[in-house]
Structures are given as structure tokens and as C-alpha cells.
Amino acid sequence: MTDSASSGRKSAKKVYYPSNHFSQRACIKSFSEYQKLYSSSIRNPEKFWKAQASILNWFKPFTAVFQQKKKPFCKWFAGGKLNASYNCIDRHIALRGDKKAIIWQGEPEEDVKVLTYTELLQEVCKFAHVLRKFGVRKGDRVCIYLPMIPEIAISMLACARIGAIHAVVFGGFSAQALAKRINDSGAKLLVTADGSFRRGKIVELKEAADEALLQCKHVKRVVVVKRAGNKIRMKRGRDVWWHQEMEKKGVGNFIEPILMDAEDTLFLLYTSGTTGMPKGMEHTTGGYLVYAALTMKYIFDLREEDVYFCTADIGWITGHSYIVYGPLCNGATVVMYEGAPDAPDPGRFWKIVEKFKVSIFYTAPTVIRALAKEGEQWPRGHELSSLRLLGTVGEPINPESWRWYFNNIGKGKCPIVDTWWQTETGGILISPLPGAVPLKPGSATVPFFGIEPEILREDGKKAKAGEGGYLAIKKPWPGIARTIWKNPKRYVETYFSKFNGKYLTGDGAMVDEDGYYWITGRIDDVIKVSGHRIGTAEVESALVSYPGVAEAAVVPVPHPIKGEAIYAFVVLKKGKIGDDELKLKLIEHVKKEIGAIAKPEAIQFAEGLPKTRSGKIMRRVLKAIASGSAEVGDVSTMADAGVVEELKNGASFVQG
Ligand code: WTA
């Protein structure tokens, strides 16, 4: 990369151009090449996607590229038959059978496992047999509640092989949260583990699963991976050990991948929205896989010899698309890490990079901020020269962290792809192509092929350059979630009703005079805490389910490491006393209801909440109060403006 301050601007506006060295070997080598391909993808999307779909092996070709009979629902590659596990594994065997598919690093340093593509195929087939034996058939849902161990990828691919729909639930979610998701999905089998290691301690997953299953009567079978060796209870007739099942008679090393229709559901992944109930986003086999594979190839500029390390958890969409499906579909070598970034010390990621000679590293801004705070000695203590490309995802990156990452990790030579996307989008929608697009720290830059973003005003008209607005996407792309599981009405209302059929992202953004996108963050009731997506309504309903709580309102506050943190206003029932002990109890309760990721950073007890005359909570006002801002804006519509002063006084107390 070379720096150049564009004419007359301050260094804060510095643009970073890809080096010739990088561009020459890149998939897309120049901005004009990007522009040419981009405009052809927009001018003639069907032609473009028809050609790009050849990134996959199809058992039977599709008959139509794109169909939209009943807007906003759509179909991609209809009539085409394929199998995701075949595309991620079998088709690589002839060329790359002995190539490493997964390099797994456990949190304890000595725990390393490597699976070649041939070995991965065997494990996936064996587990597919196990699933079949337990009655799992095409279209059945399988819930996966596992830590970052190879079995999580193996079980996803085994589901895909036999047409079962996986619903992975992040291992950091609590028993209650797990139960909600299992019940909504209707899963009949659960895959979990005894426990896993995090900061040297054991996270008791099976215990949480047992508690969840008390509420999930239709789960008839639980397959348990032995990972941490902690003592667990096995329920007779329901629970079986993974390792024992995999060795049983009849569990062969191969099973035919079944033919899936392009529009058959590959997986459900729950994500937070504006109500207490998370949404099971439904992704398909053909469109999702084409999109994940293609974005992986171009945005990460994949080469055969790359070693790719994404630090996300597979329980989130980033892990689905860019640890499992995208990289494996491209025959890449993927590094998977079980533990915490600071275990045993803040040099852990850099140690992994050095140990496995990682060439592409993909993480979240929150991780960069947390590690930057620990000082440069950590990356300096490791050999990072294998790196050639860096990436970020999950929240906006502040230019200061971008530069720290660029200089201290990339040593000034690795482009950074700031990738903007969502659970709903299946894959990255806005991002630089690293050999082609000059970088501006803090901007996700330009749209991927086939993507037409728009910045809209409240009335649906397009905003001008430099003017903030709603980020919407004009037309569907292959990776878009097709619906919300069992709730198509919510799908239409949430995403397509505000702007006349255009996809509403929930983010605010701005385009600059060069056509670069700057994402400013969520403008709905979703909070990104350390890059994790949490719905304010989920936290509020957890809080009000605690005895003595009358009402709660949750808003984001800026946080130097987490990006955003959760600030909760709690109104107690008459006669209840809000003290520090109750605050701790409430925090514990939220952990129990959702998980540690959702616990409020601060709780403020209040006499009342600011409401409009029609009874709507004025979150804008609460947000300002929580952030300690003196200006709360227009309160003329408020029913009782006196509430604000009282809340302001309470807030300064909370912030100490
Ligand atoms: C935010 C994660 C700014 C955004 C893949 C989005 C980002 C939400 C970026 C989706 C980025 C993701 N810059 N913001 N590069 N990437 N976001 O569903 O607010 O967990 O709407 O998917 O993360 O979160 P989700």
C-alpha cells in the first residue's frame, strides 16, 4: 500500500492506494476493472449471475437465474440442483485431497487438530450417517450449540449433505435464549458439547443445554461432543456421545450428498430485531452459496496457498459465511480458534498468525481496539510477515483503530477490507476489493457486484452526497435471506414496507463525493455490543420479567472498546428500592435470560420514562441522557417534560 494525501486535504482524509505488487496478482487489478464489472453486473444482472454461478458445481443446471413472482419474495437459480457439502468438500478431493481444510487451535496451546479435505469428507459423511440413524431427514431442523471446535463445521456440513436445516446457536447464549431458538425452529436433534475452554475456565455448555431442553420437549436426541472433559449428566434414551456414535457399525466413511434444489433452505440463523423474539433468517442452498463463495474469492482475493484466519464465532453469520461456506467452497485452508483473544495474553492472535503462517486475517473493530489498548509490544513480539491482507466486520471502525491495525499488524503493506453486511444479507455487500479500490479509513468503500445501495431520506427520496440517511438496497441479490422462519409477514414488514419494496438495512449511512459509503451504525432498536447484535427489546423483556420491575428501556451508549454498550433505565414497582444489590441481580438476570453478551453496562433506576402523549418511550431522549449529553433535543411532544431533569440527575450519578 502507498499513502497519498489527496490534494489539499488533511491527513485524516488520507487515501491508501493498493501497491502495484498487490494489484498485479489480485483477482481484480484496478479500479477501472472493478467499475467495468460492476456496471455490467447492474446493467445485466441475469447475465452476470448466470456466469458467476459457475463458481459452484451444479448437479443439474438452473432454468431461471432470477424470479420474483410475488414481491418482495424472490428465487435465484430456480430448478438448479446442488449440494453445499459437495461444493465445500467432495469437489476439492481430486485436486486438494491432502490440502489442509481446517487447522484448529484450541485455547490450550497444545490442542491442535488438522483436517485435510479428505479427512473432512470422512468426518462429515460419518456424522451424516449418525444424523440419518437418528431419523433426521431432508427439511428437518438440527440445532447446533457448540463451541469453536471442528465438530461445529462438521455437523453443519453433515446437515447440508443430507438436506437437514441447521440452526446454529452461539455458545455464549444462555439456556433460556437457546430454548427460545430451539422451540421456534422445531429442531428434533441437538448437537452440543460437554464444555469448552475460555480464559482457562470451562464453559459448561451441556449444563445450559440440559436446562434449555426442559422447555423443548420435541428434542428427542442430543449428541454430545467430549471436549473439556467436565463432568456432565447424560440423560438415558436421549443423550449420546459423538465419539461413540461415530465409531458404531453402519457409520461408513462415505454417504452420497443429496440433490438439493437451489431454493431449498440450507440453514436458519437467529438474529435480533426490534421485538423480543429473534428472527430465524432463512438462507438457501444455491443463492447463498454462490454469494458466499464469490464474495470470499474477490474480497479476500483468495489464492491457493493462503492460510485464512477469521476470529468470529461460527455461531454468528460471519462464521457461517466466512469460516465455513465461503472459504471451504473455494478450497481454502481455514484456521479456527476456540478461545479468547487475550488468553493467555493479548498476543494470542499474533501467536496464531505466526504459528500457522496466516496470510489473511479477518476480525472485528472491537478486537482491534481492545488489543491496541494493550500496546504494540504484543504484535511486535511475533513474526507477522506472512500476512498480506486484513479485514474487519461487525461495526464501523474508527480511523484511529484502522491506522493502528494497518501499521502495527499489516506493517503498512496489507490492504484492509472493511466489509459491511448483515445476517440477512448472507454475504458482504459493501467492501473494497483489495487490489482495486483505494482505501479511506472508516469507509466500507464501494458496493460489491450486483449490489445497488441507496441512501434515502425519510420520504424515500435519494439523499445528496454527504447527506446522511437510511441505507437501503434497491434490488435483491442471490445471498439475501428469503424469509423469516415461519413468519413471512414479519419479513415483509421489517425489511420491505418502509421504502416501497427496497430492502431496508436498519443502518444509517452517507455517500461521499467519490461514491464511497460511510456506515454510521444502526438507526433502529438494535445495538452492536463488541460487534454482537443485540435487540433492545430482548434486553427490556428480560428486565421486566424480573420481580419488582415495572418498566425498562434500553439504549446504546458509546464505549471506547465495545463500540456500543447497553444502558438500561429501569422503573420499579411501587415500594421497591433500587440499590446496588438489585442492579447486580438484574445484571445476573439478563445474563441468565440472554447471555453475558447482553448484560447492561449501567443501570439507572428512574421514577418514570420520557414518553410522548400517545405513550411511546422517547428513546432519542434517553440516548442523549445516557451519553451524558446536555442537549436532549426537542421535547415538545413529551407528556411530562419534568421527567428529563430527574433522569439527567440520576445519569450523572450512574456515570460517577
Ligand atoms: C453492523 C454482521 C459498519 C451494521 C456481519 C449491520 C457494520 C450489523 C459493518 C449487522 C461494517 C457490520 N461497518 N457497520 N463494516 N459490518 N456492521 O447481522 O450495523 O451480526 O447492520 O452481521 O453490523 O450485524 P450482523
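The values are calculated or read from the model by the stated rules, or taken from the named source; none is laboratory data. Not measured: the values here are computed from a predicted model. Positions of Cβ are backbone-derived with ideal geometry, glycine not excepted, and every protein chain shown enters the neighbour counts.
Could you please let me know if residue 597 is crowded, with 23+ Cβ neighbours inside 10 Å and modelled with pLDDT of 95 or more? Outline the logic, then answer.
On the way: crowded, with 23+ Cβ neighbours inside 10 Å: no; modelled with pLDDT of 95 or more: yes.
Taking the combined requirement at face value, the residue does not satisfy it.
Mind checking which helices (runs of 4 or more DSSP H) fall wholly inside region 155-257 and carry at least 3 residues that are of a type in the set (A, V, I, L, M) and farther than 22 Å from residue 321 by Cβ?
Because the criterion is at least 3 residues that are of a type in the set (A, V, I, L, M) and farther than 22 Å from residue 321 by Cβ, the helices (runs of 4 or more DSSP H) in region 155-257 that meet it are 175-185, 205-213.
I'm trying to understand the selection: among the residues of region 315-365, which are among the hydrophobic types (A, V, I, L, M, F, W, C) and more than 18 Å from residue 385 (Cβ to Cβ)?
Those that are among the hydrophobic types (A, V, I, L, M, F, W, C) and more than 18 Å from residue 385 (Cβ to Cβ): 316, 317, 323, 324, 328, 329, 332, 334, 336, 340, 343, 364.
Out of all the residues in region 600-654, which are polar (S, T, N, Q), within 24 Å of residue 535 (Cβ to Cβ) and in contact with a strand residue (DSSP E or B) (Cβ under 7 Å, 6 or more places away or on another chain)?
Answer for region 600-654, where residues must be polar (S, T, N, Q), within 24 Å of residue 535 (Cβ to Cβ) and in contact with a strand residue (DSSP E or B) (Cβ under 7 Å, 6 or more places away or on another chain): 604, 612, 627.
Within region 411-447, which residues are more than 21 Å from residue 318 (Cα to Cα) and without any contact (Cβ under 8 Å) to a residue 60 or more places away in the chain?
Scanning region 411-447 gives a single hit, 411.
Here are the criteria: (1) acidic (Asp, Glu); (2) within 16 Å of the ligand (Cβ to nearest atom); (3) more than 18 Å from the chain's Cα centre (by Cα). Tell me which single one residue 493 does not satisfy.
Only one criterion is unmet by residue 493, namely (2).
Condition (residue is within 15 Å of the ligand (Cβ to nearest atom), touching a residue at least 40 places away in the same chain (Cβ under 8 Å), under 25 Å from residue 38 (Cα atoms) and outside any helix (DSSP H, G or I)) applied to region 398-405: is it met by at least one residue?
Within region 398-405, not a single residue is within 15 Å of the ligand (Cβ to nearest atom), touching a residue at least 40 places away in the same chain (Cβ under 8 Å), under 25 Å from residue 38 (Cα atoms) and outside any helix (DSSP H, G or I).
With respect to the numbered conditions (1) in a strand (DSSP E or B); (2) in contact with a Phe, Trp or Tyr (Cβ under 6 Å, 6 or more places away or on another chain), which one is the sole condition not fulfilled by residue 144?
Residue 144 satisfies every listed condition except (2).
Being within 23 Å of residue 557 (Cα to Cα), within 13 Å of the ligand (Cβ to nearest atom), modelled with pLDDT of 95 or more and surrounded by 18 or more Cβ atoms within 10 Å (Cβ to Cβ), is that true of even one residue in region 456-476?
Yes, because at least one residue in region 456-476 is within 23 Å of residue 557 (Cα to Cα), within 13 Å of the ligand (Cβ to nearest atom), modelled with pLDDT of 95 or more and surrounded by 18 or more Cβ atoms within 10 Å (Cβ to Cβ).
Hey, can you tell me all the residues within region 273-322 that are among the polar types (S, T, N, Q) and modelled with pLDDT of 95 or more?
Those that are among the polar types (S, T, N, Q) and modelled with pLDDT of 95 or more: 284, 285, 295, 311, 318, 321.
Where in region 301-396 are the helices (runs of 4 or more DSSP H), entirely inside, with at least 2 residues that are within 22 Å of the chain's Cα centre (by Cα) and within 16 Å of the ligand (Cβ to nearest atom)?
By residue number, 326-329, 365-373.
Can you name the strands (runs of 3 or more DSSP E) wholly within region 18-125 that have at least 1 residues being farther than 30 Å from residue 252 by Cα and within 27 Å of the chain's Cα centre (by Cα)?
64-67, 75-78
Name the single residue that is farthest from the ligand (Cβ to nearest atom) among those in region 258-277 being surrounded by 22 or more Cβ atoms within 10 Å (Cβ to Cβ) and outside any strand (DSSP E or B).
262
Filter region 123-154 for residues that are free of Cβ contacts under 8 Å to residues at least 40 places away in the same chain, out of contact with any Lys or Arg (no Cβ under 7 Å at 6 or more places or on another chain) and buried (at least 24 other Cβ atoms within 10 Å of the Cβ) and give the result.
Listed by number, the list holds a single entry, 154.
Does any residue in region 560-580 that is without any contact (Cβ under 8 Å) to a residue 12 or more places away in the chain come within less than 7 Å, Cβ to Cβ, of a residue that is charged (D, E, K, R) six or more places away or on a different chain, and which pairs are these?
So the pair list comes out empty.
Could you tell me which residue of region 410-452 is nearest to the ligand (Cβ to nearest atom), considering only residues that are aromatic (Phe, Trp, Tyr) and part of a loop (DSSP other than H, G, I, E, B)?
Among them, the one singled out is 421.
Please determine, by comparing only the residues of region 515-545 that are within 18 Å of the chain's Cα centre (by Cα) and hydroxyl-bearing (Ser, Thr, Tyr), which one is surrounded by the fewest Cβ atoms within 10 Å (Cβ to Cβ).
Out of the qualifying residues, it is 520.
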